[in-house]
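A.B. asks: Just dropping this structure here.
The values are calculated or read from the model by the stated rules, or taken from the named source; none is laboratory data. Please read all numbers here as calculations on a predicted model, not as lab measurements. Note that we place each Cβ from the backbone using ideal geometry, even for glycine, and neighbour counts take in every protein chain shown.
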Amino acid sequence: MTTLIQYLQYLVNGITLGSIYALIALGYTMVYGILKFINFAHGDILMVGAYTGLLTYTALLGESTNPVWMLTAFFIAMLVSMAFCAALGMFIERVAYKPLRNASRLAPLLSAIGVSFILSNGAAWIFGAQSRRFPYPFDNTPIVIAGLSITPHQILTVTVSVIMMVVLTLFVNKSRMGKAMRATSIDQATSELMGIDVNKIISMTFAIGSALAAVGGILSSFDFRVYASMGTMTGLKAFVAAVIGGIGNIQGAMLGGLILGVLESIGAPLLGIPSALRDTIAFAALIIILLVKPDGILGKNEREKV
């Protein structure tokens, strides 16, 4: 029989996993909010971020075992990974999506799938098919409180995710660039007439979303290792999280990520689903949300005048 402590443990694990989903889902929801299309290459940018972070961290660390330098090297590697993925996101938008901006909605979607295959297969060609372990930059011995086990990795994941989400929310709601993003998401043509550089805003959106995906990739790689196809399922489930919360809504992406993480963590043992099959929970939740509330929990039903 499952005890209360076990359910609390599942909840902690779910919040940790949900925080990663939320970070990645923000990239989907930001791009959709402005361009109204799904960037299915977003999950593979997560993978590129994980590899970039791992290679940078390994190069910086060398043979050192100094705890302070290990943690410093890790955060430097995270910043390098964010910068690289931000540049990669802008490059992909410029080369693969911008020329198709006035084409049918199917064209950029197919282009995104093509970019996804290029990134995943390119990584497999360069790094091989085997997975790599991202070493913890700190002692990850669990902290046990009244039978509840919490690891430093879980604390780091939730803390970094919350900080990133708060900073993004303040940026979008308070900054000049954020206001321009919101205006562009409402009406691109009118925004251009008001003097907003729409191309710059779209590039910035891809840069921010890709940088957040890099963070999500690094934080998830401690538990799931780094390999060429790591972004496929994680990216799909982050997309599900964005839809559950209300795609196009930043707060919805955060909420959807947390809900999905908790559902996976608690739902599998509660329903007796083997851990290897717990992905079914995410897609079952997607189907239920689409049937009950197609616009997501915080999404708004927008009608177009013809």
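A.B. asks: If a residue must be closer than 17 Å to A59 by Cβ and of a type in the set (V, I, T), how many such residues does region 72-98 contain? I'd like the intermediate steps shown before the answer.
C.D. replies: Going through region 72-98, the residues closer than 17 Å to A59 by Cβ turn out to be 72-84.
Those left that are additionally of a type in the set (V, I, T): 72, 76, 80.
Selection size over region 72-98: 3.
A.B. asks: Identify, by number, the condition in (1) within 18 Å of the chain's Cα centre (by Cα); (2) farther than 21 Å from M30 by Cα that T169 doesn't meet.
C.D. replies: (2)
A.B. asks: Taking region 121-153 on its own, how many of its residues are in a helix (DSSP H, G or I), of a type in the set (V, I, T) and under 23 Å from the mean Cα position of the chain (by Cα)? Talk me through it step by step, then tell me what you get.
C.D. replies: Going residue by residue through region 121-153, those that are in a helix (DSSP H, G or I) are 121-127, 152-153.
Going one step further and asking which of them are of a type in the set (V, I, T), we end up with 126.
Narrowing the set further to residues that are under 23 Å from the mean Cα position of the chain (by Cα) leaves none.
Residues in region 121-153 being in a helix (DSSP H, G or I), of a type in the set (V, I, T) and under 23 Å from the mean Cα position of the chain (by Cα): 0 in total.
A.B. asks: Please work out if S161 is in contact with a Leu (Cβ under 8 Å, 6 or more places away or on another chain), of a type in the set (G, A, S) and assigned to a helix (DSSP H, G or I). If you could, list the steps in order and put the result at the bottom.
C.D. replies: Working: in contact with a Leu (Cβ under 8 Å, 6 or more places away or on another chain): yes; of a type in the set (G, A, S): yes; assigned to a helix (DSSP H, G or I): yes.
Yes; evaluated as a whole, the condition is true for this residue.
A.B. asks: Also, quick follow-up: Yes or no: region 54-72 includes at least one residue that is surrounded by 15 or more Cβ atoms within 10 Å (Cβ to Cβ) and among the small types (G, A, S).
C.D. replies: no
A.B. asks: Tell me, which helices (runs of 4 or more DSSP H) wholly within region 214-306 include 2 or more residues that are surrounded by 14 or more Cβ atoms within 10 Å (Cβ to Cβ) and modelled with pLDDT under 85? So that I can check it myself, show each step before the final result.
C.D. replies: Numbers: elements: 230-245, 250-271, 279-292.
So the answer is 250-271, 279-292.
A.B. asks: Looking at this structure, is A107 closer than 30 Å to M70 by Cα and not aromatic (F, W, Y)? Full working, then the answer.
C.D. replies: On the way: closer than 30 Å to M70 by Cα: no; not aromatic (F, W, Y): yes.
The answer is no for A107.
A.B. asks: State which residue pairs qualify: first residue in contact (Cβ under 8 Å) with a residue 12 or more places away in the chain and inside region 66-79, second residue surrounded by 15 or more Cβ atoms within 10 Å (Cβ to Cβ) and aromatic (F, W, Y) in any location, beta carbons under 7 Å apart, and separation of 6 or more residues or different chains.
C.D. replies: If the second residue must be surrounded by 15 or more Cβ atoms within 10 Å (Cβ to Cβ) and aromatic (F, W, Y), the pairs left are A73/Y57; F74/Y57; A77/Y57.
A.B. asks: With (1) among the hydroxyl-bearing types (S, T, Y); (2) more than 25 Å from L54 (Cα to Cα); (3) touching a helix residue (DSSP H, G or I) at 6+ places or on another chain (Cβ under 7 Å) as the list, and S210 as the residue in question, which single condition is left unmet?
C.D. replies: All conditions are met except number (2).
A.B. asks: Anything in region 142-186 that is more than 16 Å from Q251 (Cβ to Cβ) and polar (S, T, N, Q)? List them, or say none.
C.D. replies: S149, T151, Q154, T157, T159, S175, T184 - these are the residues of region 142-186 that are more than 16 Å from Q251 (Cβ to Cβ) and polar (S, T, N, Q).
A.B. asks: Looking at region 16-25, is at least one residue touching a residue at least 24 places away in the same chain (Cβ under 8 Å), more than 30 Å from I201 (Cβ to Cβ) and of a type in the set (V, I, T)? First the steps, then the outcome.
C.D. replies: So the first thing to find is which residues in region 16-25 are touching a residue at least 24 places away in the same chain (Cβ under 8 Å), and the list is 16-25.
Next cut, more than 30 Å from I201 (Cβ to Cβ) only: 16-17.
Checking the rest, the ones that are also of a type in the set (V, I, T) come to 16.
Within region 16-25 (the criterion being touching a residue at least 24 places away in the same chain (Cβ under 8 Å), more than 30 Å from I201 (Cβ to Cβ) and of a type in the set (V, I, T)), the answer is yes, since at least one residue qualifies.
A.B. asks: So, of the residues in region 1-42 that are modelled with pLDDT of 90 or more and among the small types (G, A, S), which turns out to be farthest from S111 (Cα to Cα)?
C.D. replies: Checking each candidate, the answer is G14.
A.B. asks: Go through (1) surrounded by 13 or more Cβ atoms within 10 Å (Cβ to Cβ); (2) over 30 Å from Y32 (Cβ atoms); (3) in contact with a Ser or Thr (Cβ under 8 Å, 6 or more places away or on another chain); (4) among the polar types (S, T, N, Q) one by one and return the number of the condition T141 breaks.
C.D. replies: That leaves (1) as the condition not met.
A.B. asks: Only one of these is touching a Lys or Arg at 6+ places or on another chain (Cβ under 7 Å) and either farther than 19 Å from G296 by Cβ or of a type in the set (V, I, T) (or both): L54, L17, L4. Name it. Step through it out loud before you land on a result.
C.D. replies: Values: L17 fails: touching a Lys or Arg at 6+ places or on another chain (Cβ under 7 Å); L4 fails: touching a Lys or Arg at 6+ places or on another chain (Cβ under 7 Å).
Going through L54, L17, L4 in turn, just one is touching a Lys or Arg at 6+ places or on another chain (Cβ under 7 Å) and either farther than 19 Å from G296 by Cβ or of a type in the set (V, I, T) (or both): L54.
A.B. asks: So how many residues does region 172-199 have that are outside any helix (DSSP H, G or I) and more than 24 Å from the chain's Cα centre (by Cα)? First the steps, then the outcome.
C.D. replies: Going through region 172-199, the residues outside any helix (DSSP H, G or I) turn out to be 175, 187, 194-197.
The next check asks that each one be more than 24 Å from the chain's Cα centre (by Cα); those that pass are 187, 194-197.
Counting residues in region 172-199 that are outside any helix (DSSP H, G or I) and more than 24 Å from the chain's Cα centre (by Cα) gives 5.
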